[in-house]
Amino acid sequence: VSHELKTPLTSISGYAELIENGIAKPEDVQGFAQKIHVEATRMLQLVNDTLTVFKLNSGKLELKCQPISTLEVAEAIIVPISAAAERKNVTFIADFSQLHGRMVMADKLNLQKIFLNLLANAVKFTPAGGHVFYTVKDDPENGSDPDIVVIVRDDGIGMSKEYQERLYEPFHQEKRAGYDAVGTGLGLSIVKQLVDLMHGTIEVESEKDQGTVFTLR
């Protein structure tokens with residue numbers, strides 16, 4: 001955590017010093033301010049993720065279940081993921097054709113955290129021109145009490161078999177050219193622990209340079 005915090009703090013301090021001492025050219029100030037904002041957001045994410053991991057590991061995170069619509073939860077994250085995909089020139093495709101929508105008791109915010117982490121990773125590790133597919137369906141489709149299945153698939157950089165064995169370890173990231181120092185390395189650890197807490201399952205299939213599929217039930 002110390003190492004991960006020092007990197008954005010160093011950047012923030014450096015850019016702020018350039019602006020404060022008048023070294024930065026007027027036309028550069030806005031760009032430096034934007035970089036400070038990006039690094040500050042990264043730090044906030046790290047702090048929030050670290051607190052979540054602490055609560056999960058200490059057994060202090062309690063699910064707050066309430067009646068929610070499965071369709072509403074599935075649709076709620078489309079806007080931010082679509083925006084992120086558009087910025088990277090990645091095609092994002094959502095399919096809810098086999099999700100009929102019903103009311104269930106679940107922790108809405110933590111469900112969305114799971115979906116957002118998986119989809120944000122898919123966009124992050126898919127190069128421009130690639131695709132991310134988000135499928136949510138009932139299984140069995142016409143059952144009275146079906147499982148909800150979420151499939152996040154991409155044709156991005158994929159993962160090595162060796163890395164997959166340690167996929168859910170906190171702060172563990174696979175070094176890939178062009179993707180160094182991306183994220184905190186906590187997202188998938190949080191996903192796995194939340195899924196376990198909700199008595200669900202998560203499976204991954206991936207090949208290096210061929211893409212990744214996460215299946216959440």
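The values are calculated or read from the model by the stated rules, or taken from the named source; none is laboratory data. Just so you know, these numbers come straight off a predicted model, no measurement behind them. Reconstructed Cβ throughout: ideal geometry from the backbone, glycine too, with neighbour counts over all protein chains shown. What goes into the accessible areas is simple: the full protein's heavy atoms, side chains included, and nothing from ligands, DNA or RNA. Shrake-Rupley method; radii C 1.70, N 1.55, O 1.52, S 1.80 Å.
Overview of values
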| read-out | value |
| --- | --- |
| Helices (runs of 4 or more DSSP H) wholly inside segment 1-120 containing at least 3 residues that are at pLDDT below 80 and surrounded by 13 or more Cβ atoms within 10 Å (Cβ to Cβ) | 2-20, 26-58 |
| Candidate set: segment 121-139, residues that are part of a strand (DSSP E or B) and among the charged types (D, E, K, R); chosen: the one nearest to the chain's Cα centre (by Cα) | Lys137 |
| Ser58 being touching a strand residue (DSSP E or B) at 6+ places or on another chain (Cβ under 8 Å), on the phi < 0 side of the Ramachandran plot and among the small types (Gly, Ala, Ser) | no |
| Selection within segment 57-82 - charged (D, E, K, R) and within 13 Å of Asp107 (Cβ to Cβ) | Glu62, Lys64 |
| Search result, residues across segment 140-178 that are open to solvent by 60 Å² or more (accessible area, probe 1.4 Å), assigned to a strand (DSSP E or B) and over 19 Å from Ala84 (Cβ atoms) | Asp147 |
| Only listed residue being within 19 Å of Phe115 (Cα to Cα) and charged (D, E, K, R), chosen from Glu20, Glu72, Glu39, Glu27 | Glu72 |
